[in-house]
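First up is the structure itself, then whatever we jot down about it.
The values are calculated or read from the model by the stated rules, or taken from the named source; none is laboratory data. In this text, all values refer to a predicted model and were calculated from it rather than measured experimentally. Every residue, glycine among them, receives a Cβ derived from its backbone with ideal geometry; neighbour counts consider all protein chains shown.
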Amino acid sequence: MLSRRQFWGLVALTLMWGVNWPMMKLSLRELTPLYFRAFTMTGGALWLYLFFRARGVRMAPAGPEWRQIAALALPNMLGWHVLSIFGVQALASGRAAILGFTMPVWTVLLGALFFGERLTRRVGVAAALVLLAIGLLLSHELDALAGRPVGVLWMEGAALAWALGTLMMRRARLTLPMPALTVWMMILTAAVLWVLALVAEPWPEWRFSWPMWLSLAYGVLINYGFAQIIWFGLARHLPPATSAMSIMAVPLIGTLSATLIVGEWPTWQDGVAMLAVMGAMAAVLLSPRTPRTAPVEDAR
């Protein structure tokens, strides 16, 4: 049974993660993708480092742990954040959120393919629902006059990277607390993002509108800040089914809030795809035989 504090924390967390998708889309109107990721992740990592260090969390990794931190950061942070931001740039933000949250199904399928995890009938149903969602959204992008089908590929690549990272996290053997691990993965990834941005994108003028500054502040303080703090406070105590339901609601919140924030109206394909992906997540996340997925580190 959730306490009142846990319930409202979970509601706030789900809203923060969901609203983050259209807020990213808003930011991309005035800032290029890699600079957006580099700026917000750097600010968020520093925010979290100071917070958790002040709370007495051990932040210094042991020497041998650095290699594992870097390896875990590649799919969980760099792969997910680079591919997904290009997906958000190409697609409607709600649509990108729906595709990104096919991750739990890919986690189970990759686990069966590479780690010998058992497939069940529920996984087969989930995979069919995910393929239905991808097919619907891809067909709409191909049919639309200004469609960007490559965005579907960006988001599914991001979901696969996140899924691989989840499997690696499950098998990692680290003594470093999860908050410290997340912060260091963010710091390493942010450094790489700055290099990529400097090489691939023009230097921003940093003269933005107030909605743009608001969206950047949201990314730093809410997405990489308060949402992470709430999640780490809840993750130790929430039942797996409750955590799963929170994750499942994120694409719904992202799709609905996009109408208010960036004026994106969902199509019937979005609605059916969203229901299909939520059904697929329910099939794999709410199954008592399936291990709980790793924490969502970045308001995905």
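For the range 111-139, which residues satisfy the criterion of being among the hydrophobic types (A, V, I, L, M, F, W, C), assigned to a helix (DSSP H, G or I), surrounded by fewer than 17 Cβ atoms within 10 Å (Cβ to Cβ) and out of contact with any Lys or Arg (no Cβ under 9 Å at 6 or more places or on another chain)?
Those that are among the hydrophobic types (A, V, I, L, M, F, W, C), assigned to a helix (DSSP H, G or I), surrounded by fewer than 17 Cβ atoms within 10 Å (Cβ to Cβ) and out of contact with any Lys or Arg (no Cβ under 9 Å at 6 or more places or on another chain): Leu113, Phe114, Val125, Ala128, Leu131.
Would you confirm, using the coordinates I've provided, whether Leu13 is hydrophobic (A, V, I, L, M, F, W, C), more than 17 Å from the chain's Cα centre (by Cα) and modelled with pLDDT under 95?
no
When residues of the range 245-294 are filtered for being part of a helix (DSSP H, G or I), at pLDDT below 90 and over 19 Å from the mean Cα position of the chain (by Cα), how many remain?
So the count comes out to 1.
Can you go through Leu78, Leu31 and tell me which one is at pLDDT 95 or above, among the aliphatic types (A, V, I, L, M) and not in a helix (DSSP H, G or I)?
Only one candidate qualifies: Leu31.
Condition test on Pro149, is it modelled with pLDDT of 90 or more and either in contact with a Ser or Thr (Cβ under 9 Å, 6 or more places away or on another chain) or surrounded by fewer than 23 Cβ atoms within 10 Å (Cβ to Cβ) (or both)?
In short, no.
I need the full set of residues from the range 1-37 which are among the small types (Gly, Ala, Ser) and either under 16 Å from Ile247 (Cβ atoms) or surrounded by fewer than 23 Cβ atoms within 10 Å (Cβ to Cβ) (or both), in order please. Full working, then the answer.
We begin by selecting, within the range 1-37, every residue among the small types (Gly, Ala, Ser); these are 3, 9, 12, 18, 27.
Scanning the range 1-37 gives Ser3, Gly9, Ala12, Gly18.
So which residues in the range 9-23 are aromatic (Phe, Trp, Tyr) and either outside any helix (DSSP H, G or I) or under 10 Å from Gly94 (Cα atoms) (or both), if there are any at all?
If the condition is that a residue be aromatic (Phe, Trp, Tyr) and either outside any helix (DSSP H, G or I) or under 10 Å from Gly94 (Cα atoms) (or both), then Trp21 is the only one that fits.
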